[in-house]
Amino acid sequence: MVHNYYTTRDAAKALGVSVRTAQLWLEKGYLKGWKTDGGHRRILRSSVSKLLRSRRPEPESPVSHDALQVLVVEDNEALLRLYRLQIARWETPVMLYTAVNGYEGLVLVGKVLPDLLICDLRLPGVTGFQIVRGLCQIPMCQQMRIVVVTALPSEEIEAHGSLPEGVEQMGKPIDFKRLHDIAQSLWQRRLESLK
């Protein structure tokens, strides 16, 4: 008999994450479920399916292994829609991935290793500060271009310990022309490396 829920272990396996990560996502509300009287967690299958769908490449992205891999981590759904619309207009071939929180963003970084990471700083769970600082310490992420997009004033960013060297900061409203220029330069660099 197929139930409408997963155990934590089964949900973690379906999502490709650790059991502890699945537990944290449930506690933070990224997954929907409950605890049984015996203290076991149950996670709705529909919740797991929704999260899996959100981690797939966006349908407007060209399906190409040669495309620029771009990951946007932003918890505001309206802004995510705006990113999708704007990036879909770029002539640069892009495979776009999106994440709505820091945990999901880190999972996608590990799976995709994007060429360009565009990240908000205020995120639920793992913050953008934690993401960019962590990634800047990982050798295989050294070639990744990281742009943080935030409405935070510079004093507040400084109070959080500032941003690592090489991470570009951009304010809101978002300068999509600048983002396009960054993507275009990354694409040109790739083409030149193939010559």
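Quick notes
- When S162, S47 are sorted by how many other C-beta atoms sit within 10 angstrom of their C-beta, beginning with the fewest, the order is S162, S47.
- In terms of surrounding Cβ atoms within a 10 Å radius of their Cβ, M144, M170 rank from fewest to most as M170, M144.
- Measuring between their Cα centroids, the stretch 139-195 and the stretch 4-56 lie 32 Å from each other.
- Stretched out straight at 0.36 nm per residue, the stretch from M140 to Q169 would grow longer than its current Cα-Cα span by 8.3 nm.
- In units of the compact-protein estimate 2.2 N^0.38 Å, the chain shows a Cα radius of gyration of 1.10.
- Inter-site label distance for D37 and N76 at 7 Å from Cα along Cβ, in nm: 4.7
- Neighbour-count order for L15, L113, fewest beta carbons within 10 angstrom listed first: L113, L15
- 5 angstrom amide H check on G125, placed H, neighbours 5+ away: none
- Computed [θ] at 222 nm, deg cm²/dmol, the chain (DSSP H ≥ 4; -39,500 (n - 2.57); rounded to nearest 500): -13000 deg cm²/dmol
- Bins of 10 Å, starting at 0 and running to the largest distance - Cα pair percent for the stretch 5-53: 31, 62, 6, 0
- Efficiency of FRET from Cβ geometry, H3 and R178, R₀ 30 Å, rounded to 0.05: 0.05
- The number of Lys pairs in the chain with C-alpha atoms less than 23 Å apart, excluding pairs fewer than 8 positions apart on the same chain, is 10.
- Separation of the E158 and R89 label points, Cα + 7 Å toward Cβ, nm: 3.6
Quick note: the coordinates plus some simple rules give every number you see, no bench work behind them. This structure is a prediction, so every number in the text was calculated from the model and none was measured. Positions of Cβ are generated from backbone atoms using ideal geometry, with glycine treated the same way; all protein chains shown enter the neighbour counts.
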